[in-house]
Amino acid sequence: MAGNISVDSRAVESGIRCCKTSIQELENAVKKLVRNYQRAGANGWRDQKYVALGSMVQECGKAMMRPTGELQECLEKLEELLKAVRKYEEANL
């Protein structure tokens, strides 16, 4: 069965790009959320509802960033795999 498995460096590189893009998109979304919240405060909205919204924005930001740890782990494993695949590809050329 193992003889039927095939992975090339391009496929692994694609996975690495997906992880990096996902991490960046999550980080950008959190930054945008916080920036928009702060903009509302700068425009004079500073009542209790603004404070309550701030707590929600903070919780949402934390929740949105949770997957980045797993994505970072995946990225590290994919980079290790890429090294191994490249070494294999170079040896079989």
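The values are calculated or read from the model by the stated rules, or taken from the named source; none is laboratory data. Computed from a predicted structure; not experimentally measured. Note that we place each Cβ from the backbone using ideal geometry, even for glycine, and neighbour counts take in every protein chain shown. Quick note on the areas: whole protein, heavy atoms, side chains included, nothing else; ligands and nucleic acids left out. Shrake-Rupley method; radii C 1.70, N 1.55, O 1.52, S 1.80 Å.
Looking only at region 8-26, count every residue that is under 12 Å from Leu81 (Cα atoms) and part of a helix (DSSP H, G or I) and tell me the total.
Matching residues across region 8-26 total 7.
Residues being of a type in the set (Ser, Thr, Tyr) and more than 18 Å from Pro67 (Cα to Cα): count how many of those fall in region 19-43.
1
Any residue at all in region 62-83 that is open to solvent by 100 Å² or more (accessible area, probe 1.4 Å) and farther than 30 Å from Glu13 by Cβ?
Yes, because at least one residue in region 62-83 is open to solvent by 100 Å² or more (accessible area, probe 1.4 Å) and farther than 30 Å from Glu13 by Cβ.
Test Lys49 against the stated conditions and say whether it is without any contact (Cβ under 8 Å) to a residue 60 or more places away in the chain, closer than 21 Å to Thr21 by Cβ and open to solvent by 100 Å² or more (accessible area, probe 1.4 Å).
no
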